[in-house]
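A short write-up of the structure that comes next.
The values are calculated or read from the model by the stated rules, or taken from the named source; none is laboratory data. Keep in mind that this is a model prediction, so the values were computed, not measured. In this analysis, Cβ positions are derived from the backbone assuming ideal geometry, glycine residues included, and neighbour counts consider all displayed protein chains. All accessible areas refer to the heavy atoms of the entire protein, side chains included, with ligands and DNA or RNA removed. Shrake-Rupley method; radii C 1.70, N 1.55, O 1.52, S 1.80 Å.
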Amino acid sequence: MTGAVLKAGVIGSPIDHSLSPHLHGFWLDEYKIDGEYLPFAVEPENLEAYLRGLADEGRRGTNVTLPHKETTLAIVDQADENARRVGAVNTVVVQNDGTLQGSNTDGFGFLENLKDHEPNWQASAGPAVVLGAGGAARAILIALQEEGAPEIRLLNRTKARAEELAKELGGSIEVYDWQDRAENLAEAQTLVNTTSLGMTGQARLEIDLKKLPENALVMDIVYAPLETELLSQAKQRGNLAVDGLGMLLHQARPGFAAWFGIEPEVTDALRNHILKIRAG
Ligand SMILES: NC(=O)c1ccc[n+]([C@@H]2O[C@H](COP(=O)([O-])OP(=O)(O)OC[C@H]3O[C@@H](n4cnc5c(N)ncnc54)[C@H](OP(=O)(O)O)[C@@H]3O)[C@@H](O)[C@H]2O)c1
């Protein structure tokens, strides 16, 4: 350490609405670290130059968001196995020799959030139903597989996209028709919405939970609103309901630890801080 300000940030396009500066900023204050975490709008044609210039700018790395996550995987010098399987990088760490290490922390954030809410949750307890086959679904499917889910039922509006993903990831993923989502809840122990349905400004997620066992855990990765219609329906019938904000907060932990040298905690104070910012 040189005593210089530790610097990291987040890149994307657009980047104005990113909550990451607020959450890393909260931790920098909390742990009294002389650090900086700023958002940078980077256009696709400037991505490689930006990443290659991190070390010269005195930056220890960066978070990466849309639309750069896939391209960053191709640019970094080393990517961990999880990032390679997901096909996207959201965290870049400049190594001591100046090379770039890429990882994807979405699956970690997803699992840590579930375990935070329900320490007894185990993917191996029974079938999981995953709604959606987009970018977020990939990381979640891999995490569920690695945690030993015995069967994963994947349903997506565009079935071909789900089939492609299931083929690519292999293992225990079975694809079903989107309109059969209610029937596929029978015997499930975990239900995850990874679509953007139910998000403020988007269409509703219509699903009848009647067949879902009462001891199943329901998670919505949508976090605006915090309590989606899916989660309120689940709560009403006695299911454990987990919101998506914690996933966002937990996925930020590995980057913060690598850049700033402290393992940060996800606390109620952090959640409240982020909710306040989001409420504007
Ligand atoms: N909590 C967190 O940390 C976290 C992390 C990442 C993402 N997210 C949230 O997760 C959501 C998905 O993100 P993503 O990156 O995976 O997006 P994405 O790659 O664009 O995928 C969107 C998914 O939603 C489905 N979808 C969209 N509109 C639909 C509709 N009208 N009816 C049925 N399905 C519909 C899409 O189905 P098709 O394939 O048929 O289009 C696809 O499966 C977003 O709301 C995002 O903000 C949260």
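Is it true that residue 143 is touching a residue at least 24 places away in the same chain (Cβ under 8 Å) and part of a loop (DSSP other than H, G, I, E, B)?
The answer is no for residue 143.
Given the options 144, 131, 155, name the one that is more than 10 Å from the ligand (Cβ to nearest atom), among the aliphatic types (A, V, I, L, M) and open to solvent by less than 10 Å² (accessible area, probe 1.4 Å).
144
So which residues in segment 165-175 are more than 10 Å from the ligand (Cβ to nearest atom) and either acidic (Asp, Glu) or open to solvent by less than 70 Å² (accessible area, probe 1.4 Å) (or both)?
Across segment 165-175, the qualifying residues are 166, 168, 169, 170, 172, 173, 174, 175.
Across segment 64-86, what is the total count of residues that are open to solvent by less than 10 Å² (accessible area, probe 1.4 Å) and either of a type in the set (Ser, Thr, Tyr) or touching a residue at least 60 places away in the same chain (Cβ under 8 Å) (or both)?
Looking only at that region, the number is 1.
Of everything in segment 45-84, what is within 19 Å of residue 133 (Cα to Cα) and more than 16 Å from the ligand (Cβ to nearest atom)? Give them in sequence order.
Scanning segment 45-84 gives a single hit, 84.
Residues to consider are 188, 224; find the one that is of a type outside the set (S, T, N, Q) and at pLDDT below 95.
The unique qualifying residue is 224.
Would you please name the residue that is least open to solvent (accessible area, probe 1.4 Å), looking only at residues in segment 181-206 that are polar (S, T, N, Q) and within 16 Å of the chain's Cα centre (by Cα)?
Among those residues, the one meeting the criterion is 193.
Starting from residues that are in a loop (DSSP other than H, G, I, E, B), in contact (Cβ under 8 Å) with a residue 60 or more places away in the chain and away from the ligand (no atom under 16 Å from the Cβ), keep the ones in segment 87-121 and report whichever is surrounded by the most Cβ atoms within 10 Å (Cβ to Cβ).
Applying the filter and picking the extreme gives 121.
Among the residues of segment 218-226, is any in contact with a Gly (Cβ under 6 Å, 6 or more places away or on another chain), part of a strand (DSSP E or B) and under 24 Å from residue 179 (Cβ atoms)?
Checked against the condition, which is being in contact with a Gly (Cβ under 6 Å, 6 or more places away or on another chain), part of a strand (DSSP E or B) and under 24 Å from residue 179 (Cβ atoms), segment 218-226 yields at least one hit.
This table checks each residue for (1) among the hydroxyl-bearing types (Ser, Thr, Tyr); (2) open to solvent by less than 50 Å² (accessible area, probe 1.4 Å); (3) within 16 Å of the ligand (Cβ to nearest atom); (4) on the phi > 0 side of the Ramachandran plot.
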{"residue": "227", "(1), (2), (3), (4)": "no, no, yes, no"}
{"residue": "235", "(1), (2), (3), (4)": "no, no, no, no"}
{"residue": "238", "(1), (2), (3), (4)": "no, no, no, yes"}
{"residue": "255", "(1), (2), (3), (4)": "no, yes, yes, no"}
{"residue": "261", "(1), (2), (3), (4)": "no, no, no, yes"}
{"residue": "265", "(1), (2), (3), (4)": "no, no, no, no"}
{"residue": "272", "(1), (2), (3), (4)": "no, no, no, no"}
{"residue": "277", "(1), (2), (3), (4)": "no, no, yes, no"}
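So how many residues does segment 207-222 have that are open to solvent by less than 100 Å² (accessible area, probe 1.4 Å) and away from the ligand (no atom under 16 Å from the Cβ)?
Number satisfying all stated conditions: 4.
With the structure loaded, tell me whether residue 149 is closer than 21 Å to residue 82 by Cβ and either within 9 Å of the ligand (Cβ to nearest atom) or open to solvent by 50 Å² or more (accessible area, probe 1.4 Å) (or both) or whether it fails that test.
Against the criterion (closer than 21 Å to residue 82 by Cβ and either within 9 Å of the ligand (Cβ to nearest atom) or open to solvent by 50 Å² or more (accessible area, probe 1.4 Å) (or both)), residue 149 does not qualify.
Quick one: in segment 1-30, of everything that is open to solvent by 30 Å² or more (accessible area, probe 1.4 Å) and of a type in the set (Gly, Ala, Ser), which residue is nearest to residue 61 (Cα to Cα)?
So, considering only residues that are open to solvent by 30 Å² or more (accessible area, probe 1.4 Å) and of a type in the set (Gly, Ala, Ser), the one nearest to residue 61 (Cα to Cα) is 4.
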